[in-house]
Amino acid sequence: MKYIDEFREPEKALALQKQITQLSQQLKKPIKIMEICGGHTHSIFKYGIEEILPPNIELIHGPGCPVCVMPKGRLDDAIAISQNHNVILSTFGDTMRVPGSTTSLLQARATGADIRMVYSPLDSLQLARDNPDKEVVFFALGFETTAPSTALTILQAATENITNFSMFCNHVLVIPALQALLNNPDLQLDGFVGPGHVSMVIGTDPYQFICQKYHKPIVVSGFEPLDILQSIWMLLQQIIENRCEVENQYNRLVEPAGNLVAIQAINQVFTVRENFEWRGLGDIPESGLKIRPEYAQFDAEIKFTLPNLKVADHKSCQCGEILKGVLKPWQCKVFGTACTPESPIGTCMVSSEGACAAYYKYGKTNRKAHKEREEVRI
């Protein structure tokens, strides 16, 4: 395949749907498949994939949205940095409307903080070059997908000796999060659609523990409709044949060992934190990255005094249960009413990869329709 429309051909999608339906008739019980990545969640609803699956195959939405798993306390820390005199805080657009304990970055900017949206950490480094009299801080977040660009930016800043630049590092790791999910007795899963973007960096080898320890199959998938349908078909084959393997549907971009240059950059600049708090999942050991002492001059957590407090979520918000896959967005009592993209209560409604945002954007607000589909499964 050469062109994007080849991954969206209706005839091939219908053929895969037919094969999935045939395989589903061989299942001994209804199954639950978790798509880990928020990008997959949005593709599933954008292309109506969930609607064409047999009722005995349920898709569970995982915690693979880096903005969604950001705890309120860390967002409050970023806002506190922005309120320091002479600071320019830069970040991705997704984070601007995420609610902290009392305000958001967008609201903080409206009251005078110098907060700017950028498309890359290199844009933030350019701000530091252009504003030598300012302290420029990049609010870095994301999984292993975005960590290499952050690491390379720090290496570039070190090469140029740009002393007015630093990072507030909130990068998280997907493998420890998956271990936490698999250890959760409330969540019974039969297989995983593995994250394509993360896997382009780390490869497929790190997922072996899912098969070896937890005896669950996983298929790393691309993001187009045919990618996702093929990945579900591959998982069904494994389940029916009683196999448990790491398979790579996204082999046009993902290698077993990953991107060695990107991994080297991450390891050179970052080390693993002892613990990191995830919204909904709590403290997960060795699940976050921090800047190594050798690059401490670029670490905003050292440059600035932070509140560093744990802040509970809003009582009405059930983002935590949605991120764990225990609830679907439509089951949250404030979804689509008190909580909307314009006035979000939780992060899952804000991020472009959030499950609530996907349900809302693609019209999945009909609770009756979802309830009827759940009843068919039961």
Single match in Leu281, Leu226 (criterion: in contact with a Leu (Cβ under 9 Å, 6 or more places away or on another chain), at pLDDT below 95 and not β-branched (Val, Ile, Thr)): Leu281
Residue that is modelled with the lowest pLDDT, among those in region 83-127 that are out of contact with any helix residue (DSSP H, G or I) (no Cβ under 9 Å at 6 or more places or on another chain) and of a type in the set (Asp, Glu): Asp94
Pairs with Cβ under 6 Å, 6+ apart, first in region 168-189 and touching a residue at least 12 places away in the same chain (Cβ under 8 Å), second of a type in the set (Lys, Arg): Cys169/Lys290; Asn170/Arg74; Leu189/Lys32
Residue tally, condition in contact with a Leu (Cβ under 7 Å, 6 or more places away or on another chain) and surrounded by fewer than 19 Cβ atoms within 10 Å (Cβ to Cβ), over region 97-112: 0
Members of region 197-230 that are part of a loop (DSSP other than H, G, I, E, B) and at negative phi: Thr204, Lys213, Tyr214, Lys216, Pro217, Ser221, Gly222, Phe223, Glu224
Failed item in (1) touching a strand residue (DSSP E or B) at 6+ places or on another chain (Cβ under 9 Å); (2) surrounded by fewer than 19 Cβ atoms within 10 Å (Cβ to Cβ), with Thr305 passing the rest: (1)
Filter result for the condition that a residue is under 30 Å from Gly196 (Cα atoms), hydrophobic (A, V, I, L, M, F, W, C) and either crowded, with 19+ Cβ neighbours inside 10 Å or in contact (Cβ under 8 Å) with a residue 60 or more places away in the chain (or both), over Leu122, Leu53: Leu53
Residue among Asn161, Asn184, Asn131, Asn170 that is touching a Gly at 6+ places or on another chain (Cβ under 9 Å) and farther than 25 Å from Cys244 by Cα: Asn170
Boolean, Asp186 is more than 24 Å from Val254 (Cα to Cα), modelled with pLDDT of 95 or more and in a loop (DSSP other than H, G, I, E, B): no
Residues of region 293-341 satisfying the condition of being charged (D, E, K, R) and part of a loop (DSSP other than H, G, I, E, B): Lys310, Asp313, Lys315, Lys324, Lys328, Lys333
Enumeration of residues in region 2-43 that are touching a residue at least 40 places away in the same chain (Cβ under 8 Å), outside any helix (DSSP H, G or I) and either among the basic types (Lys, Arg) or more than 18 Å from Glu58 (Cβ to Cβ) (or both): Glu9, Lys32
Of the criteria (1) surrounded by fewer than 23 Cβ atoms within 10 Å (Cβ to Cβ); (2) closer than 30 Å to Ile302 by Cβ; (3) of a type in the set (S, T, N, Q), which one Thr153 fails: (1)
Subset tally (residues that are within 22 Å of the chain's Cα centre (by Cα) and part of a loop (DSSP other than H, G, I, E, B)) for region 82-129: 11
Residue check for Gly258: outside any helix (DSSP H, G or I), modelled with pLDDT of 95 or more and among the small types (Gly, Ala, Ser): yes
Scope region 159-183; condition part of a loop (DSSP other than H, G, I, E, B) and either in contact with a Pro (Cβ under 8 Å, 6 or more places away or on another chain) or of a type in the set (Ser, Thr, Tyr) (or both); matching residues: Thr163, Asn164
Qualifying positions in region 268-281 - free of Cβ contacts under 8 Å to residues at least 60 places away in the same chain and part of a strand (DSSP E or B): Thr271, Asn275
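The values are calculated or read from the model by the stated rules, or taken from the named source; none is laboratory data. Every value quoted in this text rests on a predicted model; they were computed, and no experiment measured them. Cβ sites come from the backbone with ideal geometry, for glycine too, and all protein chains shown count toward neighbours.
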